[in-house]
Every structure is written in structure tokens, then in C-alpha cells.
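What follows is one structure encoded as C-alpha cells, with my remarks underneath.
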Amino acid sequence: MSLFLMIVTTLLILTNISSVYLAKRSLTQITEAAAQRGVRNLDLDAYYRSQYNATKLALNVLGEGERDPGIPIDCQKGAGDALDSISQLGSNGSGLIRENLTEIKVEAIECDGFQISLRTSATVNLPFILPFTGIRDVEVISEVGTFGERKITTNYYGINIG
């Protein structure tokens with residue numbers, strides 16, 4: 001009888017652990033989707049700030065030009081899009097959200113002009129409440145950062161040299 005109770009308890013614990021793992025993966029996917037949606041907002045003023053001329057073209061082709069820091073992001077629009085994405089994914093019942101994942105909250109959004117980082121948290125309702133513990137739910141946290149990068153090309157300023 002004690003062996004049977006031990007096996008059942010182990011199965012309950014493993015089921016709870018796998019449920020938390022799958023909910024954490026779901027939260028990470030939601031956070032990644034929101035970060036990708038936020039990073040797509042191009043900051044036009046920063047992108048076109050320095051106009052390229054023939055001297056800069058020659059320096060860049062020879063490899064002596066400036067290093068590319070990445071694609072500038074409009075942080076205000078990016079943060080708004082990321083928040084909208086999380087609220088839409090949380091409300092429309094898409095396939096990303098598990099049934100036991102509730103109360104998705106955005107803890108922090110950071111943007112430095114080239115990268116967006118999001119930290120989200122959610123509550124996972126456990127499928128089984130273990131006796132004598134009373135633990136009904138667990139909080140999981142996901143932190144994701146993303147940046148936009150340019151495609152490597154041999155087409156410089158409309159001139160294909162490759």
C-alpha cells in the first residue's frame with residue numbers, strides 16, 4: 001500500500017512540474033512574440049539622421065566606415081505595440097496560451113533605442129493540489145530581449161557589387 005501511495009504521489013508531483021514547465025514555455029513564447037512586435041517600429045528620425053554621401057559610400061565599401069549598431073527602434077511605439085500584443089494574445093484565446101496560465105502581467109519594458117527587453121509574469125494553476133502543502137498555484141517569470149538586424153547584402157546604396 002505504501003508503494004502505491006508513493007507512486008501516486010510521484011505521479012502527481014511530476015504532473016505538476018510538467019504543467020509548470022509547459023506554462024513557462026507558453027509565457028516565454030508570448031513574451032517573445034510581443035518583443036518581436038515591438039522591435040519592428042522603425043525610428044525614422046534616427047534612421048535617416050546622417051545622410052550618406054559619396055565619401056561615406058567609399059569608406060563603407062572599403063571597410064573603413066562606421067560600424068552598424070543595428071536598426072533604431074521607436075521605443076514609445078515599440079512598448080505600446082508590445083503591450084497591445086500581450087493583451088491581444090491574452091484575450092483572444094490563441095493557441096499560445098495554456099488554460100492553466102492566468103494573470104499575465106508585464107513587469108518591465110526596457111528600450112535603449114536598438115533593443116527591447118520585456119519581463120512578464122503569470123500565475124500557473126496546478127492541476128493537482130498536493131496534500132499537506134496547500135499550494136494551488138505558482139508564479140512564473142519570463143524575460144526576453146530582441147533587436148532588429150539588417151540583412152547582409154552586397155547591394156550598397158542601390159548598387160549591386162556582388
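General observations
- Amide H contacts of residue 148: 71, each under 5 Å away and 5 or more positions distant or on a separate chain (H built 1.01 Å from N in the peptide plane; Pro and chain starts excluded).
- Label-point separation in nm, residue 139 to residue 99, each point 7 Å along Cα→Cβ: 2.6 nm
- Accessible surface ranking that places the most exposed of 87, 117 first, with a 1.4 angstrom probe: 87, 117
- Accessible area of residue 4 in the full protein assembly, 1.4 Å probe (Å², nearest 10): 130 Å²
- Two-site label geometry, residue 88 and residue 123: point separation in nm, points 7 Å out along Cα→Cβ: 2.7 nm
- Part-to-part distance (alpha-carbon centres) for region 109-136 and region 1-53, which is given in Å: 9 Å
- Listed peptides 11-21, 75-85 by packing density, highest first (mean Cβ within 10 Å): 75-85, 11-21
- Sorted largest first by accessible area at a 1.4 angstrom probe radius, with every protein chain in place, the residues 124, 61 fall in the order 61, 124.
- The trypsin sites (Lys or Arg not before Pro) found in region 117-152 that occupy coil by DSSP, while having at most 16 further C-beta atoms within 10 Å, are 136, 150, 151.
The values are calculated or read from the model by the stated rules, or taken from the named source; none is laboratory data. Fair warning: this is a prediction, and the values are worked out from it, not measured in the lab. When we count neighbours, we look across all protein chains shown, and the Cβ atoms used for this are built from the backbone with ideal geometry, even at glycine. Accessible surface is based on the protein model in full, side chains and every heavy atom, while ligands, DNA and RNA are left aside. Shrake-Rupley method; radii C 1.70, N 1.55, O 1.52, S 1.80 Å.
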